[in-house]
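The values are calculated or read from the model by the stated rules, or taken from the named source; none is laboratory data. These figures come from a predicted structure and were not determined experimentally. Neighbour counts are summed over all protein chains in view; Cβ atoms, including those assigned to glycine, are modelled from backbone coordinates with ideal geometry.
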Amino acid sequence: MDDMNVMPSKYLFLKATTMIKTLLPIGLLATTIGFAQAGDTIPELASSSGRLDTLVSVVKAADLAGALSGDGPFTVFAPTDEAFARLDAKTVNALLEEPGRGTLKRILTHHVVPGRFEARDLVGMESVVTLAGTTLELSPFNGRLLVDKSVVETADVSASNGVVHLIDRVLMPPPQAKPLEQLLYAAIDRGVPLYNDGSPEACCAVYAMALEAVVLTNGWNLSEARTANLKIAVTNANEMTDQRERAWTLRRIIDALLMDDQMKANSNEQIAPKQNDSQGVRVYDFANSRQAGSWQVVLDGVMGGLSTGNIEANNGTMVFSGETSLRNNGGFSSMRAPVEKGIFKDSDSIRLRVKGDGRTWIIGTKNSSSSGRRGGDSFWTRFDTKDGEWQTVIIPIDGMERHFFGQKMSGDITPEEVTALEFYMYDKKEGPFRLEIESIEGVKDVI
């Protein structure tokens, strides 16, 4: 059900040399792209393939054909025409025109890796860094080579200046953060493990240093009033003696800055954690589109399925959409994101503000022992949606059922243990799905 790690790593490496023959037989390569000439550059090869016409068009629109014809070498993960057909046509058209071409260029360079890496090289690597400065995760699974969320359909198509691997999905890079967001998210990435490992004082040092950098330096697009209020809030937090409470206070100051989608506006309000009408804790608020970037799609492609999934920010909400397919024993699409351990410690339920599609959805939680990248252990509750209608859904955490790769198991989770959230479309039906999420909150004593 979930993305899996069912084979020991030693077994994977023993299978690595034979997997390529199973995954990508020589005959398939010869019949699929047997017309490539030894002297063809990557753009020339793509133009003659018959399966990469859309890619050729968008590469030309982004003015990247010349660069990809250079000496290189380059490794290109090339989405097929079928992969581009999965995208919304309006989205593609918007990328082909200004001002979308900058985004298009970043998407395309997210598929290009400097250097020549054939399939036999990739199966022994965990990740590669692209020309966009982003990272693509690699993993062999069940006779397939997975590149981030895509499956390699045809590998090792040789060009004069590199190698091409055909993939079944267009890969979307994470959103680019503003300087302030980069600083604060970097602080969170460093501070959270310290707090969870029992060093709240070290976490405080990281958070305080980041916030003091904002207070003492320029270039963050904050008004004088906001900077003054921030300085007061940080000073008050630094006077706290309980390091755990101090860490939480500093983190809430950071969260308040990140969740404010009006950073350039003058404001005299005190910086404090956002509250709702029942004194809940705002866990995700998509008024800041950067928060949607924390979520990652996990599809049934890890088991050979053909379902799709896409995440996008949409005017203050996050939209998860796609289509479930029951072919190849598939049928699920999901997305997940981490949360700081303890964020639900004063809550007993999760409150969602969502607009669904009439299908039944699953919200899941994970704890520190189940939230590994390939972990299949999580805690689920199903909820029904009304097509096109906004709803408030409240999920008691202690009532969530443990599932291991989709199978119900004994066990439970407490609010303070939650370290990740996930949403599944897994109702054993085919067809399109769409869930729009306005906010995710931790609440107490509301039912």
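For segment 116-168, a tally of residues being small (G, A, S), under 13 Å from F77 (Cβ atoms) and over 19 Å from the mean Cα position of the chain (by Cα) returns 3. Checking each residue in segment 85-135 for being among the small types (G, A, S) and either in contact with a strand residue (DSSP E or B) (Cβ under 6 Å, 6 or more places away or on another chain) or in contact (Cβ under 8 Å) with a residue 40 or more places away in the chain (or both) picks out G115, A119, G124, S127, A132.
Matching residues to (1) assigned to a strand (DSSP E or B); (2) more than 25 Å from I311 (Cβ to Cβ):
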residue: S139; (1), (2): yes, no
residue: T154; (1), (2): yes, yes
residue: S158; (1), (2): yes, yes
residue: V164; (1), (2): yes, yes
residue: L171; (1), (2): no, no
residue: E181; (1), (2): no, no
residue: L194; (1), (2): no, yes
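Residues that are closer than 25 Å to N310 by Cα, hydrophobic (A, V, I, L, M, F, W, C) and surrounded by fewer than 18 Cβ atoms within 10 Å (Cβ to Cβ) were ranked within segment 62-91; the one that is nearest to the chain's Cα centre (by Cα) is L87. Of the residues screened, V163 is one that is buried (at least 20 other Cβ atoms within 10 Å of the Cβ), in contact (Cβ under 8 Å) with a residue 60 or more places away in the chain, of a type in the set (A, V, I, L, M) and touching a Lys or Arg at 6+ places or on another chain (Cβ under 8 Å). Taking the condition more than 30 Å from D88 (Cα to Cα), modelled with pLDDT under 90 and not basic (K, R), does G293 pass? No: the conditions fail for G293.
Between P179, P193, P200, P174, the distinction of being touching a helix residue (DSSP H, G or I) at 6+ places or on another chain (Cβ under 8 Å) and either surrounded by fewer than 16 Cβ atoms within 10 Å (Cβ to Cβ) or at pLDDT below 85 (or both) belongs to P174 only.
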